[in-house]
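The values are calculated or read from the model by the stated rules, or taken from the named source; none is laboratory data. What you see is a predicted model, and the numbers here were worked out from it, not measured in a lab. Here the Cβ positions follow ideal geometry from the backbone for every residue, glycine too, while neighbour counts run over all protein chains shown.
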Amino acid sequence: MRVAIFGGTFDPIHAGHLKAATAAANSFCLDRILFVPSGNPPHKPPGKLTRFVHRYAMVTLACAGEPRFVPSLIEAPRDTGRPYYSIDTARRVKKSLGRRDRLFFLIGLDAFLELPEWRAPERLLDMADFIVVSRPGYSLQEVLRVVRRRMVGSPSVLAGQTTIQLRRSRLHLLGSVNATVSSREIREWIGEGKPVASLLPPLVKEYILKQSLYSSKVQPGLER
């Protein structure tokens, strides 16, 4: 099995997330991508996120119809209120895999550039192969600054993808995804009544509409 962790707040999950996951699954022959909504992310102030039950419901709806996409409760909020760290999630997933299974970590370029600020980033890089979804205009040098000390040789480019061999894993730059929209922008646009229906999976759009998430003005923007 080739399994990838795809974590995030998913507030809300949108078409860009699905494009990235589909591109990664096809490019790296992934058998399963675990969509992991964050319950208590350390980088988000308490109370600023939509309730976990809604975010998990939207992820579940977005994954419907694609057997490779699996919604995960591994970071569901815990009573202690302690935050979840990616290193702990990766350990739990890796422990559940077989000896011959391979673990990947799917992440956007913006988040990857913040990796040095995460808990135990070196261990996380050792534990899984990273698939970094880049954006137009990215700088390879920015990525290299994060992993330069762990590199083995020079980056190689094959079929439009850049692979960087690290000491115990590989980092792959996936540049074939054209998704510039963010969850924050979608929330803002919904609040302003701007059209966002084309940016959301249809079932997620319907869920936001029925639950009146993000704004009382949700209906006009989602109907278009």
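Of all residues in region 56-93, those that are surrounded by 15 or more Cβ atoms within 10 Å (Cβ to Cβ) and either in a strand (DSSP E or B) or at positive phi (or both) total 3.
Taking the conditions (1) part of a helix (DSSP H, G or I); (2) surrounded by fewer than 20 Cβ atoms within 10 Å (Cβ to Cβ) in turn, LYS44 satisfies each one other than (1).
Candidates VAL93, VAL59, VAL3: the one that is among the hydrophobic types (A, V, I, L, M, F, W, C), under 23 Å from GLU188 (Cα atoms) and at pLDDT 95 or above is VAL59.
Go through region 1-41 and report how many residues are in a strand (DSSP E or B), among the small types (Gly, Ala, Ser) and closer than 18 Å to ARG78 by Cβ.
Filtering region 1-41 down to residues in a strand (DSSP E or B) leaves 2-8, 32-37.
Keeping just the survivors that are among the small types (Gly, Ala, Ser) gives 4, 7-8.
Applying the additional criterion that residues be closer than 18 Å to ARG78 by Cβ yields 7.
Number of matching residues: 1.
Within region 34-54, at least one residue is without any contact (Cβ under 8 Å) to a residue 60 or more places away in the chain, in contact with a Cys (Cβ under 9 Å, 6 or more places away or on another chain) and either closer than 20 Å to SER183 by Cβ or charged (D, E, K, R) (or both). Within region 119-150, being out of contact with any Gly (no Cβ under 9 Å at 6 or more places or on another chain) and not in a helix (DSSP H, G or I) holds for ARG119, ALA120, ALA128, ASP129, PHE130, ILE131, GLY137, SER139.
Any residue at all in region 144-163 that is touching a residue at least 12 places away in the same chain (Cβ under 8 Å), assigned by TED's automatic domain parsing to the domain that holds ALA15 and under 18 Å from the mean Cα position of the chain (by Cα)?
Residues of region 144-163 that are touching a residue at least 12 places away in the same chain (Cβ under 8 Å), as a first pass: 144, 146-147, 150-153, 155, 160-162.
With assigned by TED's automatic domain parsing to the domain that holds ALA15 added as a condition, the list becomes 144, 146-147, 150-153, 155, 160-162.
Filter again for under 18 Å from the mean Cα position of the chain (by Cα), leaving none.
No: region 144-163 contains no residue that is touching a residue at least 12 places away in the same chain (Cβ under 8 Å), assigned by TED's automatic domain parsing to the domain that holds ALA15 and under 18 Å from the mean Cα position of the chain (by Cα).
So which of SER183, SER154, SER134 is crowded, with 17+ Cβ neighbours inside 10 Å and at pLDDT 90 or above? Explain how you work it out, then say what you get.
Details: SER154 fails: crowded, with 17+ Cβ neighbours inside 10 Å; SER134 fails: at pLDDT 90 or above.
Exactly one of SER183, SER154, SER134 is crowded, with 17+ Cβ neighbours inside 10 Å and at pLDDT 90 or above, namely SER183.
Which of (1) polar (S, T, N, Q); (2) over 19 Å from MET1 (Cβ atoms); (3) modelled with pLDDT of 95 or more is the odd one out, the single condition SER72 does not satisfy? It fails just one condition, (2). What's the total number of residues in region 192-207 that are modelled with pLDDT of 95 or more and either out of contact with any helix residue (DSSP H, G or I) (no Cβ under 6 Å at 6 or more places or on another chain) or among the acidic types (Asp, Glu) (or both)? Qualifying residue count, region 192-207: 3.
Scan region 10-43 for residues that are among the hydroxyl-bearing types (Ser, Thr, Tyr) and touching an Asp or Glu at 6+ places or on another chain (Cβ under 7 Å) and report the count.
Taking region 10-43 and keeping what is among the hydroxyl-bearing types (Ser, Thr, Tyr), we get 22, 27, 38.
Okay, now just the ones that are also touching an Asp or Glu at 6+ places or on another chain (Cβ under 7 Å), so 38.
Looking only at that region, the number is 1.
Has region 7-27 got at least one residue that is in contact with a strand residue (DSSP E or B) (Cβ under 8 Å, 6 or more places away or on another chain), more than 24 Å from LYS210 (Cβ to Cβ), surrounded by fewer than 17 Cβ atoms within 10 Å (Cβ to Cβ) and modelled with pLDDT under 95? Yes, the conditions are met somewhere in region 7-27.
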